[in-house]
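Contents: one structure, followed by commentary.
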Amino acid sequence: MGKKILRPGGRELTKKLVSALQVSDRDSVVEFAPGTGFTASIVLSQSPAQYTGIDSNDAAVKSLNRKFRKNNICFINGNAAHSGLADNSQDKVYGEAMLTMHADHRKQEIISEAHRILKPGGLYAIHELGITPDDISAEEKAVIQKDLAQSIRVNARPLTKTEWTALLEKQGFEVKHVYTNKMHLLHAGRMIQDEGLLRTLKIGYNILANPSAKRRISEMRQTFKKHEKYMNAIVVIAQKK
Ligand SMILES: C[S@@+](CC[C@H](N)C(=O)[O-])C[C@H]1O[C@@H](n2cnc3c(N)ncnc32)[C@H](O)[C@@H]1O
């Protein structure tokens, strides 16, 4: 429908992630799942020495390679769990809205790949869907995951803050910072903040003009609203020990 910002904590949490990474012109940076390239354009404005984006969607990769043409920038079609990059070769790695949609053992493979390619002391940042509070019951969590899977038609498996940090620690990272935000992906206020007023109006028009999309999006909104109290967006900044 034209929505460009698809990460749960919006532009606001992305800015915190980028600022915590402190990308400099000496850094080799890797992005897992750049998607539409929104964060890539912010990071590239900080002129890293090298940038590599790895996305499993070939059309997205082709479009990004057309949009950002420079010798030190490359987008590769592939799986973030098998980047093909050398051990201990990167200073910063980050990924948004991409671990949540994988089963826990796949999340571990991707986190372990980030660890393998980072230099010791290198930073890994994630921006994902969270569940709150930490002591939520297993039954409540299962209901949220089932409702999400049905409405967004992706097996989204959000985790609590303790679970996200434990996954990172298990793969050899030390957690440095955690930021959270409300999960307001489809709230009008967040849409205007993320997309701007004009684009929000255009998205609204596109939705109204497409009855089946309208039904699906309203189903998603209902699920997000129903579980609003238990869902958030989380950014974790971790360092390779
Ligand atoms: C919800 S979008 C998130 C895109 C972007 N990071 C953002 O926040 O806007 C999901 C993207 O993740 C990519 N993706 C999911 N799993 C991946 C994986 N294991 N390796 C590479 N790309 C992946 C998909 O191809 C898609 O472009």
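No value in this document is a laboratory result; all are computed from the given coordinates. Computed from a predicted model, the values in this text were never measured in an experiment. Methodologically, a virtual Cβ is constructed for each residue, glycine included, from the backbone with ideal geometry; neighbour enumeration extends over all protein chains shown.
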Pick from 32, 68, 224: which is most flexible by mean-square fluctuation in a GNM of the chain where alpha carbon atoms under 10 Å apart are linked? 68
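What does the extension gain come out to for residue 241 and residue 197, with contour length at 0.36 nm per residue minus their alpha carbon separation?
11.5 nm
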Bins of 10 Å, beginning at zero and ending with the bin holding the largest distance: percent of Cα pairs per bin for segment 10-240, please. 8, 31, 37, 21, 4, 0
Residues with amide H under 5 Å from that of residue 30, placed H, sequence gap 5 or more: 52, 92, 93, 94
Subtracting the Cα-Cα distance from 0.36 nm times the residue separation, let me have the gained length for residue 88 to residue 6 in nm, one decimal. 26.5 nm
Plugging the Cβ-Cβ distance of residue 65 and residue 188 into 1/(1 + (r/R0)^6) at R0 = 35 Å yields, to the nearest 0.05, a FRET efficiency of 0.55
Full extension from residue 41 to residue 215: what is 0.36 nm times the residue separation minus their Cα-Cα distance, to one decimal in nm? 59.4 nm
What lysines does residue 119 reach when the alpha-carbon gap must be under 28 Å and sequence neighbours fewer than 8 apart in one chain are set aside? 15, 16, 70, 92, 107, 161, 170, 176, 240, 241
